[in-house]
Amino acid sequence: MRENILLLLQIITVDFFTAFGLYSILYLIVSIFVKKPILYKIDEEAVKFISLAGVIYFAVWIIGIFVFYAENNPEEKSDMLNRMFGKYWIGYWSQPILWFVLTQLLRFKKVSKNALLRIVFSFLLIVSIERLIIFTVALHRDYLPSSWTMYRDLDIYPSNFFLALLMKIVFFLFFVGIYYLAKNQIKIFAKTKRIEN
């Protein structure tokens, strides 16, 4: 159960939150040059989808807390409670709550249509607080520039990197399309049920 919860949380954060951040940046650039109504409709559905993903993420995260607590031994339970409510509780709660709040604020049209807020939200969805801290700490280390390598542990090189980003956006838009079709099918099913009754 624990592995399934962790996998689902990782899918939501990496494949949806990060992809939405990348999509938003691409959308803001494209919307400067292209003024087609279909573009705005896709963005509206993408915002609705990411808001739903935020609710699912937060619900799974809360369920995960209870599952992890129940599966731990007494010493691990004590450590978990100390992390949740101890001296550094803000580090435990801040990222999931931030992602939940950001995705829910996008439900408001004034927020989702504001380009500056979308850029800020995109950055906060792409770069987690943990990644930001790791990046900041890495910059303050005493390494010599000759030992810096950008792609040391990755098999991703610049040409593959941009292709990977594009595929992440396409994957995200594929799920937005599935969400849109499922939502419309549910509406049609509800209408026919009302007509029959």
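The values are calculated or read from the model by the stated rules, or taken from the named source; none is laboratory data. If you're wondering where the values come from, they're calculated on a predicted model, not measured in any experiment. With ideal geometry, Cβ positions are generated from the backbone for all residues, glycine too; neighbour counts draw on all protein chains shown.
Based on this model, can you work out whether ILE38 counts as assigned to a helix (DSSP H, G or I), within 24 Å of the chain's Cα centre (by Cα) and without any contact (Cβ under 8 Å) to a residue 40 or more places away in the chain?
For ILE38, the condition - assigned to a helix (DSSP H, G or I), within 24 Å of the chain's Cα centre (by Cα) and without any contact (Cβ under 8 Å) to a residue 40 or more places away in the chain - is met.
Output yes when any residue across segment 54-73 is hydroxyl-bearing (Ser, Thr, Tyr), under 30 Å from GLY177 (Cα atoms) and surrounded by 14 or more Cβ atoms within 10 Å (Cβ to Cβ), and no when none is.
yes
I'd like the full set of residues that are surrounded by 10 or more Cβ atoms within 10 Å (Cβ to Cβ) and not basic (Lys, Arg), limited to segment 127-137.
Residues satisfying the conditions are VAL127, SER128, ILE129, GLU130, LEU132, ILE133, ILE134, PHE135.
Out of (1) loosely packed, with under 14 Cβ neighbours inside 10 Å; (2) under 21 Å from the mean Cα position of the chain (by Cα); (3) under 16 Å from ALA115 (Cα atoms), what's the single condition that is false for LEU6?
The one condition LEU6 does not meet is (3).
Would a scan of segment 42-59 turn up a residue that is without any contact (Cβ under 8 Å) to a residue 24 or more places away in the chain and either over 25 Å from ALA164 (Cα atoms) or outside any helix (DSSP H, G or I) (or both)?
yes
Checking LYS87 against (1) surrounded by fewer than 18 Cβ atoms within 10 Å (Cβ to Cβ); (2) touching a residue at least 60 places away in the same chain (Cβ under 8 Å), only one condition comes out false. Which one?
(2) is the only condition that LYS87 fails.
Among the residues that make up segment 173-187, is at least one of them in contact with a Ser or Thr (Cβ under 9 Å, 6 or more places away or on another chain), part of a helix (DSSP H, G or I), modelled with pLDDT of 80 or more and basic (Lys, Arg)?
Checking segment 173-187: not a single residue is in contact with a Ser or Thr (Cβ under 9 Å, 6 or more places away or on another chain), part of a helix (DSSP H, G or I), modelled with pLDDT of 80 or more and basic (Lys, Arg).
If we keep just the residues of segment 100-126 that are in contact (Cβ under 8 Å) with a residue 12 or more places away in the chain and of a type in the set (Val, Ile, Thr), which is surrounded by the fewest Cβ atoms within 10 Å (Cβ to Cβ)?
Looking at residues that are in contact (Cβ under 8 Å) with a residue 12 or more places away in the chain and of a type in the set (Val, Ile, Thr), I get ILE119.
Checking the conditions here, which among ARG152, ARG141, ARG131 is modelled with pLDDT of 70 or more and of a type in the set (Lys, Arg)?
Of ARG152, ARG141, ARG131, the one residue that is modelled with pLDDT of 70 or more and of a type in the set (Lys, Arg) is ARG131.
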